[in-house]
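All remarks here apply to the structure that follows.
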Amino acid sequence: MRFSLQTDYALRTLMYLATRRERATIDDVATLFGISKTHVAKVVNQLARLGYVRSVRGVGGGIELCREPAEITIAEVVQAFEGSLHLLECIATQNVCVIERFCKLKGVLAEAERRQVEYLASMTLADVLPTRRQLTALDPSRPS
């Protein structure tokens with residue numbers, strides 16, 4: 001399975017925000033990861049609608065996590081951004097394939113999906129965080 005860029009950017013944004021004590025900006029995230037501010041803004045908008053981040057306008061504003069990193073599973077973020085995680089349509093839908101009655105592949109792929117989701121559900125944002133020092137070392141605006 002391959003996740004969309006939106007999911008990738010959402011996970012990176014959450015990781016970045018989780019390592020900060022203060023609010024960040026969309027520009028901070030975009031600059032650090034070398035990605036488009038427009039894409040980050042769209043992802044942040046979705047993260048806010050889903051209740052993962054809070055956006056504060058005005059002087060001193062920015063974006064920040066709404067929940068503790070240990071309370072956010074990787075699976076829930078991935079599912080929120082990807083929707084269906086099915087490897088093939090037949091796993092979730094009946095009568096889409098002529099060999100469905102005797103197909104063993106469907107069971108194999110359904111089990112692979114189950115294990116994948118189970119594993120991602122066991123991992124939280126806190127489990128995958130880089131250190132603040134590691135992220136700071138990547139910051140192109142920081143003097144060398």
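What follows is calculated from the coordinates using simple rules that are stated; it is not laboratory data. From a predicted model like this one, the values you see are computed outputs, not experimental measurements. Here Cβ is always computed from backbone atoms with ideal geometry, including for glycine, and neighbour counts include all displayed protein chains.
Details
- Test item: Cα-centred dipole of the stretch 73-123, Lys/Arg +1 and Asp/Glu -1 on Cβ, debye: 240 debye
- Comparing His86, Ala48, Thr31 along the charge dipole axis of the chain, the residue lying farthest to the positive side is Thr31, per the Cβ-charge model.
- Ordered by the count of other Cβ atoms within 10 Å of each Cβ, fewest first, Arg20, Arg57 give Arg57, Arg20.
- Extension gain for Gln116-Ser4 works out to 38.7 nm (0.36 nm per residue, less the C-alpha to C-alpha distance).
- A dipole drawn for the chain from +1 and -1 charges on Cβ atoms has a positive end, and of Leu129, Gln6, Tyr16 the residue lying farthest that way is Tyr16.
- By the count of neighbouring beta-carbon atoms within 10 Å, fewest first, Ile26, Ile99, Ile35 end up ordered Ile99, Ile35, Ile26.
- Using the Karplus relation 6.51 cos²θ - 1.76 cosθ + 1.60 with θ = phi - 60°, the per-residue 3J(HN,Hα) values for the stretch 75-82 come to 4, 5, 5, 4, 5, 5, 8, 8 Hz, with x marking Gly and Pro.
- Per-residue Cβ neighbour counts within 10 Å put His39, His86 in the sequence His86, His39, beginning with the fewest.
- Rounded if a/c under 1.5, otherwise prolate or oblate - the chain, Cα gyration tensor axes: prolate
- Over the residues of the chain, the helix contribution to mean residue ellipticity at 222 nm works out to -14500 deg cm²/dmol, using -39500 (n - 2.57) for each DSSP H run of at least 4.
- Each label was represented as a point 7 Å from its Cα along the Cα-to-Cβ direction; for Val108 and Lys42 these points are 3.6 nm apart.
- Taking a sphere under 10 Å around the Cβ of Glu64 and counting the other residues whose Cβ falls inside, with K and R at +1 and D and E at -1, yields a net charge of +3.
- Taken about its Cα centre, the stretch 1-128 carries a charge dipole of roughly 220 debye when the Cβ of each Lys and Arg holds +1 and the Cβ of each Asp and Glu holds -1.
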